[in-house]
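Each remark here refers to the structure printed beneath this line.
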Amino acid sequence: KLFTTNNDLNNDNLYDDFNIKYKEPIHILNSHNERVNYLISLKDGRLASCSADKSIIIYNKFTNNPDLIIKEHSNWVYFLIQLSSGELVTCSSDKTIKLFNIKEKDYEIVQTLNYHKDTVYKLLELPNNFLASCSADKSIIFYLKDNNEYKKDYQLTTDGNCDNFIKIKENEICYSIRDKNNIYFFDLKERKVKSIINNIKQFKYCNGEEWFLMISKDLLLVPGDNKIFIVNVNHYKLIRQIDVQGSGFISSGCMLNKNIIITGDHSKALRQWRIEGDNLILISKKENCHEDHIISLLNLGDGHIVSGSKDSKIKYW
């Protein structure tokens, strides 16, 4: 459950005394040999990661050793999600999307989708049996599940390299275009762009590290280079810019509870923020948490968070 929203959290008080400044990692996983691009928690409680080393790893929740190492992609694996039906879905620089049935110590490939012509960066499960993917080929493709297989339903042509999107409402997504400095709001029912916010200068070439985070039902956090932007998704307006000097690109984030978030960045620091209305207040910071950029963060929901980095390590806090 990466990018956890407050609706996903069972205990809003779980992290009230969590202060990242005084934390040290309690586990360090070294199973990848290149950057860790994304982390999720599976329905059975196991951690899963994907990496530039072309692999997906699922870890034993008691020993933290790999239960499964999947090497079915021929290039970087950028992203993975677990569908509500249980299948694991991954996407890659090899231009493919793969669906897997995952067992305790084994797996099988259910389907491979080959519709994109360039790197596939992100995936979304959407209502009514839809799956979506965004790509460097300037498109978002929507797939409809029919007879237990996903088939291409329609394609949105974007203004450029599309490397980030998020579901913000039941029938609406938000996406960004690299180097355009714009955020687009797309209506899934009407199949058209509903609104655009221009000139949010947050994007740079970060190898798929762009991300969004809903910090309330109305507010979207948009990361930037030494900046965080807060957008109201009901009024489609930028309402706040927060300077985070010395951070470099803010490359990861997750909700701890409805009041607190954690961000990671290119300066290798983790920052803890309290949400106050439409503003973020920095409450603690821990430097040198990794040896390189912090690319992914996950709230495990049990009092721990996990970070993944360009240094290839995964750390439990």
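Scan the range 180-199 and give yes if some residue there is open to solvent by less than 50 Å² (accessible area, probe 1.4 Å), modelled with pLDDT of 95 or more and among the polar types (S, T, N, Q), otherwise no. Yes - at least one qualifying residue is present in the range 180-199.
When ASP94 is tested against the conditions (1) open to solvent by less than 10 Å² (accessible area, probe 1.4 Å); (2) closer than 25 Å to PHE130 by Cβ; (3) not β-branched (Val, Ile, Thr), the lone failure is (1). PHE100 meets all of the listed conditions (1) open to solvent by less than 20 Å² (accessible area, probe 1.4 Å); (2) part of a loop (DSSP other than H, G, I, E, B); (3) at pLDDT 95 or above but one, namely (2).
Confirm whether TYR78 is closer than 26 Å to TRP317 by Cα and either touching a strand residue (DSSP E or B) at 6+ places or on another chain (Cβ under 6 Å) or part of a strand (DSSP E or B) (or both). In short, yes.
Within the range 54-72, identify whether any single residue is over 19 Å from SER251 (Cβ atoms), open to solvent by less than 10 Å² (accessible area, probe 1.4 Å), assigned to a strand (DSSP E or B) and not hydrophobic (A, V, I, L, M, F, W, C), and answer yes or no. Looking for residues that are over 19 Å from SER251 (Cβ atoms), open to solvent by less than 10 Å² (accessible area, probe 1.4 Å), assigned to a strand (DSSP E or B) and not hydrophobic (A, V, I, L, M, F, W, C), one finds at least one in the range 54-72, hence yes.
Looking at the structure I just gave you, is CYS134 open to solvent by less than 20 Å² (accessible area, probe 1.4 Å) and either touching a Gly at 6+ places or on another chain (Cβ under 6 Å) or at pLDDT 95 or above (or both)? Considered against the rule, which asks whether it is open to solvent by less than 20 Å² (accessible area, probe 1.4 Å) and either touching a Gly at 6+ places or on another chain (Cβ under 6 Å) or at pLDDT 95 or above (or both), CYS134 comes out as yes. Being assigned to a strand (DSSP E or B) and open to solvent by 10 Å² or more (accessible area, probe 1.4 Å) holds for only one residue in LYS145, LYS117, and it is LYS145. On the stretch given as the range 249-265, residues that are within 16 Å of PRO223 (Cβ to Cβ) and in contact (Cβ under 8 Å) with a residue 40 or more places away in the chain total 10. Taking (1) open to solvent by 10 Å² or more (accessible area, probe 1.4 Å); (2) in contact with an Asp or Glu (Cβ under 8 Å, 6 or more places away or on another chain); (3) closer than 29 Å to LYS61 by Cα in turn, SER251 satisfies each apart from (1). Considering the conditions (1) over 18 Å from the mean Cα position of the chain (by Cα); (2) open to solvent by less than 30 Å² (accessible area, probe 1.4 Å), LYS285 is excluded by exactly one of them, (2). Taken over the range 217-236, the criterion of being without any contact (Cβ under 8 Å) to a residue 24 or more places away in the chain and charged (D, E, K, R) is satisfied by LYS217, ASP218.
Taking the conditions (1) within 19 Å of the chain's Cα centre (by Cα); (2) at pLDDT below 95; (3) open to solvent by less than 10 Å² (accessible area, probe 1.4 Å); (4) farther than 16 Å from PHE212 by Cα in turn, VAL89 satisfies each one other than (2). TYR175 fulfils the conditions (1) in contact with a strand residue (DSSP E or B) (Cβ under 7 Å, 6 or more places away or on another chain); (2) surrounded by fewer than 22 Cβ atoms within 10 Å (Cβ to Cβ) except for a single criterion, (2).
Here is a check on your reading of the model: is TYR154 open to solvent by 60 Å² or more (accessible area, probe 1.4 Å), more than 20 Å from TYR236 (Cβ to Cβ) and aromatic (Phe, Trp, Tyr)? No; evaluated as a whole, the condition is false for this residue.
Conditions tested, residue by residue: (1) surrounded by fewer than 18 Cβ atoms within 10 Å (Cβ to Cβ); (2) of a type in the set (Lys, Arg); (3) part of a loop (DSSP other than H, G, I, E, B); (4) more than 18 Å from the chain's Cα centre (by Cα).
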position: ASP17; (1), (2), (3), (4): yes, no, yes, yes
position: LYS21; (1), (2), (3), (4): yes, yes, no, yes
position: GLU24; (1), (2), (3), (4): yes, no, yes, yes
position: ILE28; (1), (2), (3), (4): yes, no, no, yes
position: SER31; (1), (2), (3), (4): no, no, yes, yes
position: ASN37; (1), (2), (3), (4): no, no, no, no
position: ILE40; (1), (2), (3), (4): no, no, no, no
position: ASP44; (1), (2), (3), (4): yes, no, yes, yes
position: SER49; (1), (2), (3), (4): no, no, no, no
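The values are calculated or read from the model by the stated rules, or taken from the named source; none is laboratory data. These numbers come from a predicted model, not from an experiment. Reconstructed Cβ throughout: ideal geometry from the backbone, glycine too, with neighbour counts over all protein chains shown. Please note that ligands, DNA and RNA were not included when accessible areas were found on the heavy atoms of the full protein model with its side chains. Shrake-Rupley method; radii C 1.70, N 1.55, O 1.52, S 1.80 Å.
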